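Notes follow the structure.
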C-alpha cells in the first residue's frame, strides 16, 4: 500500500525535472515519476529474491577470485611508494597553507580551495571506495610522529571516535554556513594539523589514527565499500581479492556510540546539504508561511533580512547537529518494528550495531550523487591552477587559462547515473540487512519477516533521496 501510494503521488509530477545537481531544467527521457516507481519496484523485487534465496545462518563470505599476485620481494617497493605518497600529501598540505596565507583570497584563483575541497576531500574518499584505504599507508603524519609512538597517556575508551566526529561536524558546518576563502582554509588546515599532532603526541599514533583523525576514519568508511582487498597469503605473496562492492561491510565494527553517529552524520549531512539548497527549504523559513517569524521579529523576515540572517544561520547549524539523531530515532523505530514482528528478544543496542553498517552504502551513494559532478566542474580546473597556484597571474605550464575549462557530460545522463547510484545503494543496504537477519534469526521466514519494516524504510529513503535531487535550487 505504501509503495503504491508513493508511486501514485510521484507519477503526478511533470516530466521536466529540475535536477538538484544542475540548477537548471532538464528534459528527462521519461516522466520523473517513472524513475521513482521503477526504483521502488526494483527495490521490492530485490527483497523478494533475497527472501527466496537466503538460508538461515547464511555465511558472510562473498564469491571472490584471485588476481595479480605480487612476490614478497616487492614489499620494499610498496614501502617506498607509500613513503613517497606521505611526502606528497605532507608537501601538498604545507603548500595549501602557504598559498592560502600569501596568495589571492579569490576562491576561484587560489590553488588550495580546489585542491583541498575537491581533489583531496572528494577525490580521496572516492579513491578509497575504489582501491581501498590508501590514507592508512600514505597519511601526511608519517614523518612527523613515529608510528611506534604510544603517547604519554592511555587512550580512554569513553573518548572513542568523538574527536573525529567533532572534526567532521565542524568541517561540514564551515563548508555549508560560513563563506570559505583561501585565507580561512589556511587557518583551518593549521588548526587541523595542530589538533591531530597533539592527539597523536598525547595518546599515540596508532590509536589516534584509528579513532581521532578525521580523514583516517572517514576514508576508512569509504574503503569498507571497495571491491578490492589486498592480503598476504601463506606463501608470502600479496594478492588482490575481488568481490562485489559493499560485500565486506559486514566486517565493519561499530562498537562506539560516536562511531555510529559518525556514519549517521555522514548520511544526514549529505541529505541536509541537498535539502537546504532547494527552494522548498528556503521558502519554509524566509516566506514564513505560518507567520511565526513575523510575530517574533515584528516584521516579515525578508524585509529585515540583515537582522534575521544570524538567526537563520543558528537555525541551520542546529538542524545540522540534530540531523543524525533524526535518522537514529527513525532507524531504531523500524528496528523495534522488525523485532516486534518476530517476537525477538535481542537488545536494541545489539541490533543497532549489527544493522547500522547497512546504511553505509546509502551514505556513500548519497555523497556520490550530490558531489561527484564537482570533480568535473571544479576538479578539472586544477590543470590551470597548477600554472598559477597563488593567483598572481603566472602561467608556469602554459595552462593557466585553458586548464580551467570544466567538462560535464550530458545533464540527463548525470540524472540517470544518480538514479542508478541511489538505487544500487539502497539495494545493497537491503541485501546487507538481510544477511545480518539470516545470522540473527533461526529461520529464513523469520529473517524475511523482520526485514519488512526495513524494506519500507529503504523505500522511503529512495523516494526522498530522488525527490531532493529533483527539486529546483533556491534562486
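Need one word for region 147-248: rounded, prolate or oblate. Basis is the Cα gyration tensor (sqrt eigenvalues a ≥ b ≥ c); a/c below 1.5 gives rounded, then a/b vs b/c decides.
Oblate, because a/c is 1.5 or more while a/b does not exceed b/c.
Is region 93-140 best put as rounded, prolate or oblate by its Cα gyration tensor, with a ≥ b ≥ c the root eigenvalues, rounded for a/c under 1.5, and otherwise prolate when a/b is larger than b/c, oblate when not?
Oblate shape, in that a/c is at least 1.5 and b/c is the bigger or equal ratio.
Could you work out the Kirkwood radius for region 238-354, taking every pair of different alpha carbons, averaging 1/r and inverting it, reported in Å?
It works out to 17.9 Å.
For region 171-226, just say rounded, prolate or oblate: build the C-alpha gyration tensor, square-root its eigenvalues into a ≥ b ≥ c, call rounded for a/c under 1.5, and beyond that prolate if a/b exceeds b/c, oblate if not.
oblate
Averaged across orientations, what area in nm² does the convex hull of the alpha carbons in region 133-172 project?
Averaged projected hull area, Cα only: 4.2 nm².
When the helix-only estimate is applied to the chain (DSSP H runs of n ≥ 4, each -39,500 (n - 2.57), divided by the residue count), what is the mean residue ellipticity at 222 nm, nearest 500 deg cm²/dmol?
Mean residue ellipticity, 222 nm, calculated: -19500 deg cm²/dmol.
Using only the alpha carbons of region 65-242, what is the convex hull's orientation-averaged projected area in square nanometres?
With the hull built on Cα positions only, its mean projection is 11.7 nm².
Of 172, 280, how do they rank once you tally other Cβ atoms within 10 Å and put the fewest first?
On the way: 172 18, 280 13.
Sorted ascending by nearby Cβ count, the order is 280, 172.
In what sequence, highest mean first, do 269-278, 461-470, 410-419 appear when ranked by Cβ atoms within 10 angstrom?
Output ranking for 269-278, 461-470, 410-419: 461-470, 269-278, 410-419.
Given the convex hull over the Cα atoms of the chain, what projected area results after averaging over all orientations, in nm²? Numbers along the way, then the final one.
On the way: hull surface 106.3 nm².
Projected over every direction and averaged, the Cα hull of the chain covers 26.6 nm².
Using a Förster radius of 25 Å, what is the FRET efficiency between residue 42 and residue 330 based on their Cβ-Cβ separation? Nearest 0.05, please.
0.65
Read the figures in this text as sums done on the coordinates, not as results from a lab. Because the structure is a prediction, the values reported are computed rather than measured. Glycine gets a Cβ as well: all are built from the backbone with ideal geometry, and neighbour counts include every protein chain shown.
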